[in-house]
Amino acid sequence: MSVKLDHALNPVTALGLYIDSTGTTLILAGEGCFLKVFEAESSKLICLIKIFKDQTIHGILIGEGEIRGNELQIAIWGGCSLALLKRQVFDDLLSLKLSSVEDTIIIVSDWILDVAISPHDDSCVLVTAHNSVLRVRFENGTCPAKLETLSSPSRSILYSAHLIWESPTCVLIAAGTVFGEIIAWECLISNETAAADCRVLATLTGHEGSIFGVQISSPISGLYDKPTRLLASCSDDRTIRIWDIRGERIEGRSDENLDGRNSPALRETGFGDNGLKNASQHTASRCLAMVMGHVSRIWRVKFQITARDRLMPSSVLVFSFGEDSTVQQWALEIDTALKPETALGATNTTRTNKTYKLSHLATYAFHSGKNIWSTAMHQITDRRTFLVTGGADGKISSCDIPLNVSRNISTVSRHVIERPDRASLDQNDDIDAVIQFRTLDLEDIVNSGRASSEINTPEAYSPPSNMSNQEMVPMEDNGKPRKQVKLPKKMKDAFNRYAFVSDNCMLTTTNFGRVLLGRIGPIIEWEELRLPEFGKEDLMSYSIIKGIPQLNIAFLAGANGNIYIYRMGGTITKMGDVQGKVADVFALFDLKSKDIYLAVTTVGGNAIIIFTVDLDLSPQLATGPVSYVLPEKFIVTSVGKDNNTLVFGARNGSLAIYDFEGGELPITIWQPDELGSLGDAITSITSIPSSNNSLIYFLTTGRNGIFSIFAVTTPGESELLPWSAICQIHRGTPPLGPNIEMAWFDGKDLFLHGFRSKNFIVWNETKQCEIMNIECGGAHRSHAYSPIQSSNGGHFVYTKASKLHIHTWQTSSHRTIKPGGHGREIKACAISSDGNLIASGAEDTVIRIWSYSEGCSLVENHFDCLAVIEKHTAGIQHLQWYGTNYLFSSAGNDEFFIWAVQDIPGFGVGVVCEASCPDPSEERDLRIMSFDVTELTPSSDRQSEPILLIGMAYSDSTIRIYRYTRVSGYRLISTARYTASCLTQIRHIQFTGNELFLLTAATDGSTVVWRTPTSESIFSERHQTSRQLSRLSTHRLHQNAVKALDIAISSLTKNMLVATGGDDNALAITIYNTENLYSEPRSVILRSAHAAAITGLCFLPGSLVSAAYDEEEMRITSSSTDQRLKEWSLKLSKAGNVTIKLVGDAFTSVADVGDLAVLRSGMKGDTKVLIAGNGMEAYRVSCE
């Protein structure tokens, strides 16, 4: 029997960028004990290499000695293991000529923190967690490598370290300690022997927490009289500090004094005085700048110094990577000033005084959950660098970072990714990666000559003629000066509304009633359009404008009720009118019929008017209008149409359904409830194409941060949806809210755009990634957005400070090299009855639904995220499927939800909450630790809708059994209280016509069998008084909490086998007589089955019965926080004897295992199991 990895989606703990012999950039990613190799350009996974047998990869370093012909190219380390790959070995791994390097692994005596490959020969040095430096070298190119221990100044306990070669015989080391100190020292190496000397440069203090990251910069000229290096550090105290590593900044110090004698004494523990008080002034002088960054801990920090900055630096770029899953870009600004000083015997002398400041430039947030664990950077040009990040969510993201960011920090805002203007790009820069940002003033546009300069300013706004100062003041008859009437000030025109007529052409109206057409390109060409003579003042002060870019038309309306249409290349023409002031207009294009409609509402009106637009008609281009009466207090905010079905969305979040040809009154009205979206404006309604002729699907967006999908049926087809003519079948809460303004499909991908606080965000819901994030001031501003089809580009225009701002981008702000999943530990997983859907729930309070696809090789296997559910407010405790259409979930805060799941044509998996916890406690402070769901066997004359029995186990040791149907909801059947121990597991083990039997487990290590009497009334809708569960037996198995439990029925003896795993590392098998659950069970306990708590176990499907029919073999898999996945053979004789034998054992890279489940059964006894925790892995368990 064997246990083999099938696929992994784990935290990305190490990254490196490798340029192969053809110039192709490869991304090397450490995921568990495997190295995954991706093509950076195509994001294609090309290779999967197992590096270590049972150790996660923690670091990857790419050597810089290729230009010198050195063979040693790559160092990979994790824990105490080190793999050194020469060029030919790595090429063989990429070409699959070599499958593994496990036999060449070097084992050292301590945890490796950093490695530096020598650029001078085929050797490297490494530093360990106790500040020891070791050298590894290949003598005469032979293997195995020779390992040598070099001298070190102390045995301090380190959290971080960085090594850099200064010369062939000198290595510079920065070591961050657990106690908040940084030790900077040199290790002097002899090439002939292992002898080495060390010299402490400084012991730097100032951080108020453990040092999580340090980096030494490349040499910088221009700061002092000679090239120098800076040191960056980050800490548990959330600060970033930049240090003068050699002390050149300290006046009166020479290189001979840098022997560490004036530094604080090196400490190896956190106790005792090491002279920090006397050395505080010395340390402070070395700290050049400090800033508080991120909202939580900072894991690492990196310099990015261009060749230009190395010579004449005015600023140095620094990047920090945090627990908050963000990358922050900083500029170390260097201000040089000359100050006069008086010296004895000298005159007019000056000295240079430099000041340093860390200023925030940008924040890049491309991951979910917590922690960016790995990063790699490669400078493409002096203006751009390629950044790759890997997170705890298993995602790998990449983006181009500009290095010539404006030093005017006030113009660069948080979450805004600025790129250089086109004019400043050289030939090596990628034009497609540019984000253009332009700000325009209306007066400049009008006076530019590209728009008409003839201003038809209304008389009401005409400025008065100037009066001479000598002009006589008018007098009254009584001789007193006449009281002058204050003349109105000249009003200034301003931008009003925007709409796109095509992908690259926009219309804008102004307060004076102008209409301007702008063509967006390398330059923006403007043209002023004229309204018909009779409607010159229709758009003054008030205007509404909507476009249909795919048809190159736009509609305009104002306060006078006239409706206008503009066609690209033509003029503005009146197409109709309504009585009263236009409140809003909605342009509709029916993709099926290719018809164009315009819906119009008026201020104070109780109807919506729809025009049918025919571009071939003359003169008004429209027929109709047709009026539809609105429900009371129904203010229309969006309109959608599919065939003969009209859908109106309201400001209060409700929907009204109309028959387009069948009458002016609504067919039905949908109102939001407590389980659906809260009442807020529906901003858009989009039809979803479907081949299902009996149902129509609409997608709506709202200003509550929710998008929903509805299925609509006509009354004549109500047998498909018997409860209503409209039903919400999906509810999504993407992380771009709370204002979602629009949704559209580009191919199979669903895109959304909206506002979060002051930022405009474009989001790909299908791929779960952000496309663009722009600070604009918020949703209250006039704005318009035009996506560029078949790409992630677009144009975004808005008004801010009376100016027109235009952002244009050709691609998204970043690329997803590998999609990820949960950003926190997965606590529960469940597999649907057909094995096609996987549900996972984590500490990030999110539930994800996945599919698992298998290819011809390991690199083709992958998890696909189909849906993301965000409603829980506490970490998920348990998940369970009922068939494929219901998913149940529980968490803390008394949370229990029932999710209706179904496939939606043209979209994917739809999920909507159908019910919640029926009886939450008053404080809502209980956890529903576990539950079980069973369908009651229906009688032949009862309705087909299932009746479900739900048993819940609470953290306060109570048990509740409910009857549930979708129509009637919950009804409490039975309750009980165990002891003061927290219940951890509950299972329904038997249901007869008049009795229900349950099994529970608790933190006291016991399993208990419960019984409650039932009757036929359980099938009735009538209310019945709940009954108390009675305890039949209590069986103590474990020394403390039962963490995992599974049940199987023996096909040989028909007895029930209960497998339990505990906090005591034990695996127990308990046998119950199903014909007499009152009898005492028998148990077999395997102590120390794992080296840590068993947190997941499951029986594998199928069993083998001997030919003599006297013995049966069953298989169990178990997982533990010791990161082992084990397979057990359980043999049960007909006489009742049980033997347990370990038959399979494999290392899993999933840390903090939370659950284990059978994924699917294969051929020849093969079974796929899913293990979940800090990541997810699928394993193939075979009977080989």
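The values are calculated or read from the model by the stated rules, or taken from the named source; none is laboratory data. In this text, all values refer to a predicted model and were calculated from it rather than measured experimentally. Note that each Cβ is placed from the backbone with ideal geometry, even for glycine, and that neighbours are counted across all protein chains shown.
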Could you tell me which numbered condition L338 fails, if it satisfies all but one of (1) surrounded by fewer than 19 Cβ atoms within 10 Å (Cβ to Cβ); (2) at pLDDT 80 or above; (3) among the aliphatic types (A, V, I, L, M)?
(2)
Scanning segment 1029-1055 residue by residue, those assigned to a loop (DSSP other than H, G, I, E, B), more than 22 Å from R1011 (Cβ to Cβ) and basic (K, R) turn out to be none
Just one listed residue, out of D121, D197, is modelled with pLDDT under 90, in a loop (DSSP other than H, G, I, E, B) and more than 19 Å from I57 (Cα to Cα), and it is D121
Do we have any residue at all in segment 666-673 that's of a type outside the set (A, V, I, L, M, F, W, C), more than 30 Å from E914 (Cα to Cα) and in contact with a strand residue (DSSP E or B) (Cβ under 6 Å, 6 or more places away or on another chain)?
no
Taking segment 91-106 only, how many residues are out of contact with any strand residue (DSSP E or B) (no Cβ under 6 Å at 6 or more places or on another chain) and on the phi < 0 side of the Ramachandran plot?
9
Residue check for Q877: surrounded by fewer than 19 Cβ atoms within 10 Å (Cβ to Cβ) and either of a type in the set (S, T, N, Q) or under 26 Å from L750 (Cα atoms) (or both):
no
Say we look at segment 925-959 and pick out the residues that are surrounded by fewer than 21 Cβ atoms within 10 Å (Cβ to Cβ) and closer than 13 Å to D894 by Cα; which of these is modelled with the lowest pLDDT?
D925
Taking the stated definitions as given, is F52 part of a loop (DSSP other than H, G, I, E, B), closer than 27 Å to N1174 by Cβ and among the aromatic types (F, W, Y)?
yes
Residue that is nearest to the chain's Cα centre (by Cα), among those in segment 581-614 that are surrounded by fewer than 18 Cβ atoms within 10 Å (Cβ to Cβ) and more than 19 Å from T637 (Cα to Cα):
L591
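Say we look at segment 528-546 and pick out the residues that are aliphatic (A, V, I, L, M) and more than 43 Å from the chain's Cα centre (by Cα); which of these is surrounded by the fewest Cβ atoms within 10 Å (Cβ to Cβ)?
L529
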Any residue at all in segment 630-638 that's part of a strand (DSSP E or B), surrounded by 14 or more Cβ atoms within 10 Å (Cβ to Cβ) and either touching a Cys at 6+ places or on another chain (Cβ under 8 Å) or in contact (Cβ under 8 Å) with a residue 60 or more places away in the chain (or both)?
yes
Specify which of the listed residues (V136, V171) is in contact with a strand residue (DSSP E or B) (Cβ under 6 Å, 6 or more places away or on another chain), closer than 26 Å to D244 by Cβ and either aromatic (F, W, Y) or part of a strand (DSSP E or B) (or both).
V171
So which residues in segment 761-787 are in contact with an Asp or Glu (Cβ under 8 Å, 6 or more places away or on another chain), under 17 Å from I706 (Cα atoms) and assigned to a strand (DSSP E or B), if there are any at all?
I761, V762, W763, N764
Consider only pairs whose beta carbons are under 6 Å apart and that are at least six residues apart or on different chains; among these, list those whose first residue lies in segment 1056-1084 and is outside the structural domain of L1032 (by TED's automatic domain parsing) and closer than 20 Å to T1095 by Cβ and whose second residue is modelled with pLDDT under 90 and assigned to a strand (DSSP E or B).
I1069/V1138
Would you please name the residue that is modelled with the lowest pLDDT, looking only at residues in segment 124-140 that are farther than 21 Å from H58 by Cβ and in contact with a Lys or Arg (Cβ under 9 Å, 6 or more places away or on another chain)?
E139
Is it the case that segment 1071-1082 has a residue that's out of contact with any strand residue (DSSP E or B) (no Cβ under 9 Å at 6 or more places or on another chain) and either part of a loop (DSSP other than H, G, I, E, B) or more than 29 Å from D1122 (Cβ to Cβ) (or both)?
yes
If only one of T149, T203 is part of a strand (DSSP E or B) and surrounded by fewer than 22 Cβ atoms within 10 Å (Cβ to Cβ), which one is it?
T149
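Considering each of E914, E923 in turn, give the residue that is in a loop (DSSP other than H, G, I, E, B) and of a type in the set (D, E, K, R). Write out each step before concluding.
On the way: E914 fails: in a loop (DSSP other than H, G, I, E, B).
None of the other options fit; the residue is E923.
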Is one or more of the residues making up segment 95-115 outside any loop (DSSP other than H, G, I, E, B), among the hydrophobic types (A, V, I, L, M, F, W, C), without any contact (Cβ under 8 Å) to a residue 40 or more places away in the chain and surrounded by 17 or more Cβ atoms within 10 Å (Cβ to Cβ)?
no
Identify all residues within segment 887-926 that are in contact (Cβ under 8 Å) with a residue 60 or more places away in the chain and not small (G, A, S); write none if there are none.
F888, I898, V901, Q902, I904, P905, F907, V909, V911, V912, C913, E914
Is at least one residue of segment 812-828 more than 19 Å from the chain's Cα centre (by Cα) and more than 26 Å from S43 (Cα to Cα)?
yes
Between residues in segment 747-767 that are in contact (Cβ under 8 Å) with a residue 24 or more places away in the chain and small (G, A, S) and residues that are surrounded by 16 or more Cβ atoms within 10 Å (Cβ to Cβ) and in a strand (DSSP E or B), which pairs lie under 7 Å by C-beta distance while being six or more apart or on different chains?
G754/N739; G754/I740; G754/E741; G754/I761
Which one of the conditions (1) in contact (Cβ under 8 Å) with a residue 40 or more places away in the chain; (2) surrounded by fewer than 22 Cβ atoms within 10 Å (Cβ to Cβ); (3) under 26 Å from F907 (Cα atoms) does H730 fail to meet, given that it meets all the rest?
(2)
